[in-house]
Amino acid sequence: MPFLRPALTAPLLAALFCATPGQTPAPGSEVSTAIPQAGRPTLLVFITVDQMRADYLDRWKGQLTGGLKRLADGGAVFTNGHQDHAITETAPGHASTMSGRFPRSTGITRNLAGVNDLNSPLIGSRALGASPFRFRGTTLVDWLTAANPATRALSVSSKDRGAILPIGRSKQQVYWYSASGAFITSKWYRDTLPDWVQAFNLRQMPHDFAGKSWDLLLPPSEYAEPDSVVAESRGRSFLFPHRFSASHDTAAAQLLGFPFMDEVTAALALLGIQSLELGKGPATDVAAVSFSATDYIGHRFGPDSREVHDQVLRLDRILGSFIDSLYKLRDSTRIIFAFTADHGVTSFPELNTSHLTPPPSRVNLTPAIEAAVAVMRRAKADTGAVDLESGAFLIERRSGITPALINASADSFVAVARRIPGVLRADRFRDLAAADFGKDPIARRWIQMFSPDIPVEATVTLARGNYWWYYGVAQHGTPHDDDSHVPIIFYGPGFKPGRYDQFARTVDMAPTLAQVLGVTPTEPLDGKPLTAAIR
């Protein structure tokens, strides 16, 4: 039998978290879509699923019975939604959803320069600090608090960047998971963990998974994907069931890569909504919840795996329980939902050879890097100024590095990169702005990636389906639709249910929500309201 933690099933979630009665629809029923006369929604729930490809909702539609089904069937669904920037990674994706701005505007352009901050020590962990100090500008939370200072926000994830970046620099209630088995925060937000988080941690729910296992939710015949695929999990431990260690501490660390991490995240979010009295009005409060297990599982097993299939089915049930429990806590006619993902993912090249021409591979750009470094070395300049990350070639402005030297080094990099098999294109970044963005989405996505103060000299885009040579697990991060195409769904009062095929971007979500909530952004945005979905 598949292992399901009894304390987190829907009926018990309702019993645990439902101290305040509200209007509770029967499971599977739809919520009223008319904004009540009493006022605008008092709670926005913004859900982000890490590495949730848009096609998952259709691929396994017939097996969805919970929250994903409810959102997809009863929401305003934009079927052509995208993270419309080039480096489709977790940090840039989360920073764009509630800010309405591209990475060039938020300043969050890559994971390695995301939330890591030695000046903001963690509360509850000895790991390196974290904060949104690199984040530029504002988010929907700031616009709401500017309109009504009584607005409160909670942001929860198993990842620090998944919890921090959706609400930007706002010093609200922000918590993420530590491999020790506890939810933590940093000095950026507060000096101690609040009592309700400490009480949650004392329950040691993650430790209770010791000795348990993850098996299929449905009978094996319900999964079209083979279980024995050696490309998955680096060729090791790729068969069901997947077992936790018998050690409680080790199991708590392993939880990040199991579906049950999302259950624990949902439980903390519900407890936080109840403890902080979010959604009781009269102001509009925000609960941002980022579910990260799909990303960990997707990296290990890939998007075509039986594991990802089962994870999405479990996430569907978890979201169903989460929504049902939330409707018992608060009046459903005063809640709106937004649902999206920070990025998609690309299939393993080894499993994609029959679908793409030429067959994809793992592309090594070392010769291009060496060519750029050689130019710097001949000029006796600091070769450490040269860097390549996720296709962006950078040269830091250091002493002795002249504009002419930068151009020579970047030109050498581009010339060699263009000759490497698997490279679709290599461009000087300065040249991309002249492209026709309507006909050249790759150029558009690179331009929307970086602000002028970031020293990007060139970009490399691999052909679709190819992987970087240095990364052993399933990858994302390219400008291609496999990585950019994500679900965009609005659900609840103020939205017109239906499927919309217009091109939509995650930066359009915040201005859409702002219009429904009746607040004005406090700065210019890159996104525009998706008015077709607004009632």
Checklist entry - Quick one: in the range 60-74, which of the residues that are more than 27 Å from residue 95 (Cα to Cα) and in contact with a helix residue (DSSP H, G or I) (Cβ under 8 Å, 6 or more places away or on another chain) is surrounded by the fewest Cβ atoms within 10 Å (Cβ to Cβ)? => result 61
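Here's the yes/no breakdown for (1) under 26 Å from residue 60 (Cα atoms); (2) surrounded by 14 or more Cβ atoms within 10 Å (Cβ to Cβ); (3) out of contact with any Lys or Arg (no Cβ under 6 Å at 6 or more places or on another chain):
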site: 152; (1), (2), (3): no, yes, yes
site: 157; (1), (2), (3): yes, yes, yes
site: 185; (1), (2), (3): no, yes, yes
site: 191; (1), (2), (3): no, no, yes
site: 195; (1), (2), (3): no, no, yes
site: 231; (1), (2), (3): yes, yes, yes
Next on the checklist: Give me the residue from the range 322-377 that is surrounded by 24 or more Cβ atoms within 10 Å (Cβ to Cβ) and of a type in the set (Gly, Ala, Ser) and, out of that set, nearest to residue 404 (Cα to Cα).
Outcome noted: 372
Item to check | the range 495-508, residues that are in contact with a strand residue (DSSP E or B) (Cβ under 6 Å, 6 or more places away or on another chain) and either under 20 Å from residue 484 (Cα atoms) or among the polar types (S, T, N, Q) (or both) | outcome: 499, 500, 501, 503, 504, 505, 506
Checklist outcome for this item: Subset of the range 175-204, residues over 22 Å from residue 248 (Cα atoms) and assigned to a loop (DSSP other than H, G, I, E, B), comes to 187, 188, 189, 190, 191, 192, 193, 194
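Condition check ((1) over 30 Å from residue 61 (Cα atoms); (2) buried (at least 20 other Cβ atoms within 10 Å of the Cβ); (3) among the β-branched types (Val, Ile, Thr); (4) modelled with pLDDT of 95 or more) across all residues:
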{"site": "390", "(1), (2), (3), (4)": "yes, yes, no, no"}
{"site": "425", "(1), (2), (3), (4)": "yes, no, no, yes"}
{"site": "457", "(1), (2), (3), (4)": "yes, yes, no, yes"}
{"site": "466", "(1), (2), (3), (4)": "no, yes, no, yes"}
Checklist entry - Listed residues 500, 491; which is touching a Lys or Arg at 6+ places or on another chain (Cβ under 9 Å) and either at pLDDT 95 or above or closer than 19 Å to residue 137 by Cα (or both)? => result 491
Next on the checklist: Taking the condition of being aromatic (Phe, Trp, Tyr) and part of a helix (DSSP H, G or I), how many residues in the range 409-441 meet it?
Outcome noted: 2
Next on the checklist: Quick check on this structure: which one of 272, 320, 279 is modelled with pLDDT of 95 or more, touching a strand residue (DSSP E or B) at 6+ places or on another chain (Cβ under 7 Å), over 22 Å from residue 234 (Cα atoms) and assigned to a helix (DSSP H, G or I)?
Outcome noted: 272
Checklist entry - Can you name the number of the only condition in (1) assigned to a loop (DSSP other than H, G, I, E, B); (2) buried (at least 19 other Cβ atoms within 10 Å of the Cβ) that residue 444 fails? => result (1)
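The values are calculated or read from the model by the stated rules, or taken from the named source; none is laboratory data. Everything numeric here is computed off the predicted structure, so don't read it as measured data. Quick reminder, even Gly has a Cβ in these numbers, built from the backbone with ideal geometry, and neighbours come from all protein chains shown.
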